[in-house]
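Asker: Before we start, here is the structure in question, set down as structure tokens.
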Amino acid sequence: MESTVKVSRKDQILQALARMLESAPGERITTAALAKEVGVSEAALYRHFPSKARMFEGLIKFIEDTLFLRITRIINEEQNAAIRCEKILSLLLTFSSKNPGMTRILTGDALAGETERLRTRIAQFFSRIESQLKQILREAQIRENLKPTASPAALANLLLATCEGRLIQFVRSEFKNSPLENWDVQWEFLNRNLLAPYSIPSNTSNYL
């Protein structure tokens with residue numbers, strides 16, 4: 001019973017942190033303000049998390065677990081390389097749209113002044129996605145003997161950079177400009193001009 005109470009309180013703290021990141025764009029969250037939001041003392045916060053960095057790590061783990069589980073599902077369920085890439089990027093943008101506070105973590109906006117290991121972990125998160133995109137394209141190129149105009153590494157980097165740019169614009173607009181705005185049109189342009197060798201017609205951009 002005791003462990004159930006602790007898990008519930010930890011989740012409550014993380015939910016409050018994500019909520020504050022969304023409601024106060026651009027502001028740095030203090031443990032004092034977070035404790036007030038949760039309705040506990042700062043000492044009570046530290047009984048569940050030894051530092052604010054560990055709280056951020058809890059949210060990062062949630063992001064990783066949520067997205068990579070669904071990315072694995074996309075890869076298992078879809079065979080076409082271009083559609084796989086589309087669904088992965090759309091997944092990231094949709095998650096961002098639904099979780100503005102966590103998008104501040106993904107862009108590094110909420111991590112200014114925090115420990116370097118948090119920024120390193122976010123860099124690793126995006127590297128992992130880029131590697132997944134590159135692997136998808138490389139495997140398709142080998143399997144289907146494709147001759148694209150750019151290497152899988154270059155294409156994967158450009159696709160992810162486009163997606164990251166939309167997250168940054170979302171945060172910079174203080175969540176007014178949705179990362180999904182005009183995404184269907186822009187994806188069609190990317191698909192037609194960059195991924196034509198990998199592509200077949202698709203209307204599957206909204207994965208979530």
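The values are calculated or read from the model by the stated rules, or taken from the named source; none is laboratory data. Computed from a predicted model, the values in this text were never measured in an experiment. Every residue, glycine as well, gets a Cβ built from its backbone with ideal geometry; the counts of neighbours run over all protein chains shown.
Asker: Considering only the stretch 98-117, state which residues are outside any loop (DSSP other than H, G, I, E, B) and under 14 Å from E64 (Cα atoms).
Answerer: Answer for the stretch 98-117, where residues must be outside any loop (DSSP other than H, G, I, E, B) and under 14 Å from E64 (Cα atoms): M102, T103, I105, L106.
Asker: Let me ask another. Which of the residues that make up the stretch 97-119 are without any contact (Cβ under 8 Å) to a residue 24 or more places away in the chain and within 29 Å of A82 (Cα to Cα)?
Answerer: Listed by number, the list holds a single entry, G108.
Asker: Let me ask something else about it. For the stretch 171-198, enumerate the residues that are in a helix (DSSP H, G or I) and over 27 Å from Q135 (Cα atoms).
Answerer: V171, R172
Asker: Would you check which residues across the stretch 126-138 are touching a residue at least 40 places away in the same chain (Cβ under 8 Å) and either more than 30 Å from T103 (Cα to Cα) or buried (at least 17 other Cβ atoms within 10 Å of the Cβ) (or both) and list them?
Answerer: Of everything in the stretch 126-138, those that are touching a residue at least 40 places away in the same chain (Cβ under 8 Å) and either more than 30 Å from T103 (Cα to Cα) or buried (at least 17 other Cβ atoms within 10 Å of the Cβ) (or both) turn out to be I129, Q132, L133, I136, L137.
Asker: Could you grab the pairs with beta carbons closer than 6 Å, sequence gap of 6+ or different chains, first residue in the stretch 9-36 and within 23 Å of E174 (Cα to Cα), second one surrounded by 17 or more Cβ atoms within 10 Å (Cβ to Cβ) and small (G, A, S)?
Answerer: From the stretch 9-36, the pairs are L14/G58; A18/G101; L21/G101; L21/A110; E22/G101.
Asker: Filter the stretch 56-67 for residues that are hydrophobic (A, V, I, L, M, F, W, C) and either part of a loop (DSSP other than H, G, I, E, B) or within 15 Å of G108 (Cα to Cα) (or both) and give the result.
Answerer: Passing the criteria: F56, L59, I60, I63.
Asker: Turning to a different aspect of this structure: What number of residues within the stretch 118-155 are among the polar types (S, T, N, Q) and either touching a Pro at 6+ places or on another chain (Cβ under 9 Å) or not in a helix (DSSP H, G or I) (or both)?
Answerer: Going through the stretch 118-155 one residue at a time, the tally reaches 5.
Asker: R70 - would you say it is surrounded by 20 or more Cβ atoms within 10 Å (Cβ to Cβ), in a helix (DSSP H, G or I) and at pLDDT 95 or above?
Answerer: No.
Asker: Note down all Cβ pairs under 9 Å where the first residue falls in the stretch 156-180 and is within 14 Å of L91 (Cβ to Cβ), the second is charged (D, E, K, R) and not in a loop (DSSP other than H, G, I, E, B), and they're at least six residues apart or on different chains.
Answerer: Going by the 9 Å Cβ cut-off, the qualifying pairs are L159/E130; L160/E130; P179/R166; L180/R166.
Asker: Just for the stretch 105-121: of the residues that are within 12 Å of I63 (Cα to Cα) and crowded, with 20+ Cβ neighbours inside 10 Å, which one is nearest to the chain's Cα centre (by Cα)?
Answerer: Among those residues, the one meeting the criterion is L106.
Asker: Can we say Q15 is modelled with pLDDT of 90 or more and either touching a helix residue (DSSP H, G or I) at 6+ places or on another chain (Cβ under 6 Å) or not in a helix (DSSP H, G or I) (or both)?
Answerer: no
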